[in-house]
Amino acid sequence: MSAVEVNGVTKRYGETAALDGVTLDFADGSFCSLLGPSGSGKTTLLRAIAGFIEPDSGEITIGGVSVENIPVRRRGIGMVFQNYALFPHMTVFDNVAFGLAVRGTPAGEIAGRVRDMLALVRLAGFEERKPRQLSGGQQQRVALARALVTKPKVLLLDEPLGALDRRLREEMQIELRQIQRSVGITTIFVTHDQEEALTLSDRIAIIDQGRVVQVGAPNDVYERPETAFAARFLGDANFMEGVAGGDGMVATTAFGPVRTADPLPNAGAPVMLAVRPEKMRLVKSTEGAESGGDNRIEGTVRQTVFSGNSVTYIVAVGDEVVRVFAQNRGDEVFDVGDAVVILWSARHSVTVKP
Ligand code: ADP
């Protein structure tokens, strides 16, 4: 069952369509990321679900009920933002207790529920601290406890880890996912960070200019991007434009003939293929003939980009360049100027819409 449904929602600000006919559903208990560049409409969608923004048209339901005219506090949602928004003058306990206190929950019950929540986010013993006496990660865990203590149906997270440094952010990603699973709460997570979306999500919705361009499990969206935008935004890709050949499997491109496992349109029709750099392999051109692979193009290493555990080779192929990613196993090393052959399998040449 869907915990949240968004149906044809549009929101305009003057000439800008912040949301342009968005339709999405969020399965009960799932963790779904809204992923897109800055200004694509992610926050607007989250705020429309929360009730801070009234859509111009379309419908949103939470738990099967339309939330039109239902105010924020009665939608059964919990929210966490990037900038914590804890009450600075209140203790951790009072911050977490706040939502229960305003609902008139009895004090004895508040104490128990706050204690349980602080244990869940591993902050037992921090009850009397003020937010400024906590690290950034701890403040975000208080914000999470505060959002969950009222037992909302849906958790809305707007770049909650955005202000944390990389290491802490990765730790918090794991922790956030554990907490989300143990509570079983439907979660909608806004991020512009593709790795974060891939790591955390059951499903990813890629948003561009107020539209959903693709939705799917991280693996599906990564391996089968439908558009060049999705391929580029979720990872890196080499694009090869050309025309379909006569046999429906080979495209003629500036890189030479390229095989794909996808059915191609009629001969002569334009096609665009995307190949992830890690799906390609380099061999010295003298070995190229024996090493197989459905696709085989010759080039010259123009640049090597070393990043510790991996190397990206920038390979010149005629006037074009191809990026090939290689794990740093310490065996195959190529230098600038080496004549190489790039090999990859046909099923990794994915047809995308330009
Ligand atoms: P994201 O969260 O993906 O960065 P937003 O949802 O914040 O994007 O914004 C989507 C678009 O709507 C942007 O072009 C932004 O400038 C515009 N926008 C958002 N809120 C307002 C507003 N209150 N007034 C005018 N334009 C807005």
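The values are calculated or read from the model by the stated rules, or taken from the named source; none is laboratory data. The model shown is predicted, which means the values in this text are computed figures rather than measured ones. No Cβ is skipped: glycine too gets one built from the backbone with ideal geometry, and neighbour counts run over all protein chains shown. Keep in mind that these areas ignore ligands, DNA and RNA; they rest on the heavy atoms of the full protein, side chains included. Shrake-Rupley method; radii C 1.70, N 1.55, O 1.52, S 1.80 Å.
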key: Checklist (1) touching a Ser or Thr at 6+ places or on another chain (Cβ under 7 Å); (2) away from the ligand (no atom under 16 Å from the Cβ) applied to E159, failing item   = (2)
request  = Count, please, the residues in the stretch 317-332 that happen to be modelled with pLDDT of 95 or more and over 20 Å from R232 (Cα atoms).
outcome  = 1
ask   = For L86, which of the numbered conditions (1) more than 21 Å from V183 (Cβ to Cβ); (2) buried (at least 19 other Cβ atoms within 10 Å of the Cβ) fails to hold?
value = (1)
ask   = If you check V92 against the conditions, is it of a type in the set (A, V, I, L, M), away from the ligand (no atom under 16 Å from the Cβ), over 30 Å from R129 (Cα atoms) and in the same structural domain as K130 (by TED's automatic domain parsing)?
value = no
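From the set of residues in the stretch 194-216 that are of a type in the set (D, E) and open to solvent by 10 Å² or more (accessible area, probe 1.4 Å), which is nearest to the ligand (Cβ to nearest atom)? Don't jump to the end; show me each part of the working.
Filtering the stretch 194-216 down to residues of a type in the set (D, E) leaves 195-196, 202, 208.
Then drop every residue that is not open to solvent by 10 Å² or more (accessible area, probe 1.4 Å), which leaves 195, 202, 208.
Details: E195: 17, D202: 21, D208: 9 Å.
The selected residue is D208.
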message = Restricting to the stretch 1-40, and then to whatever is among the polar types (S, T, N, Q) and more than 13 Å from T61 (Cα to Cα), can you tell me which residue is surrounded by the fewest Cβ atoms within 10 Å (Cβ to Cβ)?
response = S38
key: Qualifying residues in the stretch 17-68 (those that are without any contact (Cβ under 8 Å) to a residue 12 or more places away in the chain and within 10 Å of the ligand (Cβ to nearest atom)) - the one nearest to the chain's Cα centre (by Cα)   = G39
request  = Keeping to the stretch 321-338, report how many residues are within 24 Å of L273 (Cα to Cα) and open to solvent by less than 70 Å² (accessible area, probe 1.4 Å).
outcome  = 6
query = For the stretch 90-112, which residues satisfy the criterion of being farther than 18 Å from F126 by Cα and either surrounded by 11 or more Cβ atoms within 10 Å (Cβ to Cβ) or among the hydroxyl-bearing types (S, T, Y) (or both)?
reply = G99, L100, A101, T105
key: Contacts under 8 angstrom Cβ, first residue in the stretch 325-349 being closer than 30 Å to P263 by Cβ, partner open to solvent by 20 Å² or more (accessible area, probe 1.4 Å) and of a type in the set (S, T, Y), 6 or more apart   = F325/T312; V341/S285; V341/S291; L343/S291
key: Residues being farther than 19 Å from L45 by Cβ and either more than 11 Å from the chain's Cα centre (by Cα) or at pLDDT 95 or above (or both) - total across the stretch 199-217   = 1
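Within the stretch 217-231, which residues are away from the ligand (no atom under 16 Å from the Cβ) and either open to solvent by less than 40 Å² (accessible area, probe 1.4 Å) or not assigned by TED's automatic domain parsing to the domain that holds S33 (or both)?
Within the stretch 217-231, A217, P218, V221, P225, T227, A228, A231 qualify.
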Counted residues, the stretch 259-291 - those being modelled with pLDDT under 95, open to solvent by less than 20 Å² (accessible area, probe 1.4 Å) and among the hydrophobic types (A, V, I, L, M, F, W, C) = 2
key: Condition met for A3 (under 18 Å from the mean Cα position of the chain (by Cα), away from the ligand (no atom under 16 Å from the Cβ) and among the aliphatic types (A, V, I, L, M))   = no
ask   = Which pairs have Cβ atoms under 9 Å, sit 6 or more apart or on different chains, and link a residue in the stretch 196-224 that is of a type in the set (F, W, Y) to one that is at pLDDT below 95 and not in a helix (DSSP H, G or I)?
value = Y222/L234; Y222/G235
